[in-house]
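Below is one structure, written out as structure tokens, with a few remarks after it.
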């Protein structure tokens with residue numbers, strides 16, 4: 001059945017005649033959905049009957065479909081009293097067909113399909129969606145770099161070409177997706193998960209049962225969609241599942257990763273969205289629940305979405321040149337060093353577009369292979385590519401394949417808005433490249449500056465900071481040294497968003513080309529802020545309340561030792577401090593809610609840190625208390 005289905009309409013097949021012919025041939029495709037991406041990365045979804053679409057196809061292609069923008073995340077832009085949005089189809093992207101395998105079309109015997117057409121969201125004549133922001137930032141990047149190459153033709157000398165040989169600049173990107181999969185309504189013991197992780201019992205192990213089936217089905221479907229999957233495997237997190245009497249597996253709790261081929265930046269972000277949808281549906285069909293949360297379980301490895309970026313020149317003779325690959329005895333070219341410096345210098349204002357949820361910052365903790373420092377690694381020697389997994393910006397090099405040189409940003413997570421994240425990266429990279437070309441910097445100059453020690457003067461990078469380390473940054477440096485050399489990582493969403501006001505000169509870098517302008521940035525900030533406050537008050541505190549109520553006294557007073565009594569007294573005091581109000585005192589939860597209602601977000605941020613620390617202590621003491629009891 002699958003071989004007869006249409007999975008994708010490529011960008012070169014988007015004429016009215018071709019679309020009409022394909023939809024008339026594939027009668028199982030019953031609906032069309034215009035897919036716009038708001039500033040939170042949410043995708044719109046609706047069902048327009050294909051008959052209506054074909055009847056008015058010219059309007060779809062040449063005009064716009066109107067919708068209510070108050071239901072998407074565009075605060076300060078699409079408001080209740082000014083909510084009209086126009087949805088304009090994007091013909092310059094692949095269009096995927098999503099199939100409902102639980103709804104079989106009677107006439108064709110095939111699953112009902114929906115053609116998902118990427119679109120832009122237009123408000124008062126201006127595009128305000130994440131896809132358009134990325135597309136515009138890439139257009140600005142490619143145009144700016146091309147103009148700089150015309151102004152500085154000497155930069156192309158080592159490649160043996162002139163600017164007249166260039167057809168276009170190409171910005172490429174790719175993502176790797178990690179996620180947790182489990183049996184619905186099952187909860188694994190934290191200690192079992194943590195122990196399994198420390199013993200590396202799950203990493204690259206063989207998948208079994210329904211997990212194996214779902215993983216293989218995902219890879220097969222990705223191939224059919226033309227996404228060119230490269231690998232699927234188990235990650236570090238998880239515990240061994242249980243075998244039932246019928247031979248099936250239950251109590252599944254595993255972490256997986258799927259990788260696929262790079263594409264141009266906008267298509268790569270579209271592909272990322274398509275893969276996440278596909279994974280959710282396939283695993284659900286196999287009776288398994290998938291979460292893309294960055295840190296679904298405290299104390300255990302979270303899920304990342306390493307994001308790769310590269311730059312190439314497509315020449316008129318068809319040849320491709322990777323601009324990051326060194327042309328001399330160096331780690332990188334001038335363009336590569338400069339791009340890395342642009343990202344590292346401006347990362348404080350990139351980070352709000354990378355980590356925008358409470359769990360995303362929980363993932364970025366020392367000891368879980370997630371970056372906490374603004375630092376890169378190039379390799380101990382030029383002949384030995386870096387394998388340092390503790391840095392923020394990894395350099396991927398293959399000495400046998402010069403086309404593969406690229407950077408890997410290790411901080412994104414599955415819920416990172418890839419469109420805005422990649423846009424911010426490229427806007428920062430062009431800032432570094434501009435510095436290098438306008439000041440005639442050589443590879444030696446840039447390597448020296450990138451490798452500077454704290455306190456050494458630099459023309460572009462900050463004097464008191466370091467930006468390169470070949471060491472394990474968690475083990476080699478103390479916490480105080482990490483903060484002094486590489487900056488202090490934000491601990492809350494409020495601290496992360498505060499970078500916009502704290503680093504105005506860096507924010508100007510993201511405003512180049514009027515792509516991420518003040519209106520867009522403010523709308524994004526408002527949306528993230530609202531989600532942060534709402535989640536704390538309506539989800540995190542409620543979850544903590546349930547957890548606190550589950551911490552009950554377990555010992556019998558007549559059999560208890562003084563240690564048991566002391567532990568319980570400490571536990572009970574913490575329980576009351578966190579959630580119990582009296583006539584004279586307010587609990588920590590109440591104080592957070594009151595600060596939220598008053599709009600005192602700085603105070604909320606401080607209290608959130610205290611709350612998380614108190615909950616951590618409470619869990620540890622309760623675990624010790626429980627383990628010391630014989631008769632439970």
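Here is how the numbers come out for the structure above:
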| item | result |
| --- | --- |
| Tally of residues being in contact with a helix residue (DSSP H, G or I) (Cβ under 7 Å, 6 or more places away or on another chain) and surrounded by fewer than 20 Cβ atoms within 10 Å (Cβ to Cβ) across region 20-29 | 1 |
| One residue from 509, 483 being out of contact with any strand residue (DSSP E or B) (no Cβ under 8 Å at 6 or more places or on another chain) and free of Cβ contacts under 8 Å to residues at least 40 places away in the same chain | 483 |
| Condition met for residue 128 (touching a residue at least 60 places away in the same chain (Cβ under 8 Å) and either under 30 Å from residue 313 (Cβ atoms) or buried (at least 19 other Cβ atoms within 10 Å of the Cβ) (or both)) | yes |
| Hits in region 291-334 - residues which are in a strand (DSSP E or B) and modelled with pLDDT under 95 | 291 |
| Test result for residue 389, closer than 19 Å to residue 177 by Cα, out of contact with any helix residue (DSSP H, G or I) (no Cβ under 8 Å at 6 or more places or on another chain) and without any contact (Cβ under 8 Å) to a residue 40 or more places away in the chain | yes |
| Positions within region 43-52 being touching a residue at least 40 places away in the same chain (Cβ under 8 Å) and part of a helix (DSSP H, G or I), in sequence order | 50 |
| Number of positions in region 75-94 that are in contact with a helix residue (DSSP H, G or I) (Cβ under 8 Å, 6 or more places away or on another chain) and either under 30 Å from residue 227 (Cα atoms) or outside the structural domain of residue 44 (by TED's automatic domain parsing) (or both) | 6 |
| Any hit, region 363-383, residues being in contact with a strand residue (DSSP E or B) (Cβ under 6 Å, 6 or more places away or on another chain), in the same structural domain as residue 328 (by TED's automatic domain parsing) and not in a loop (DSSP other than H, G, I, E, B) | yes |
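The values are calculated or read from the model by the stated rules, or taken from the named source; none is laboratory data. All figures in this text were calculated on a predicted structure; none of them were measured in a lab. Every residue, glycine as well, gets a Cβ built from its backbone with ideal geometry; the counts of neighbours run over all protein chains shown.
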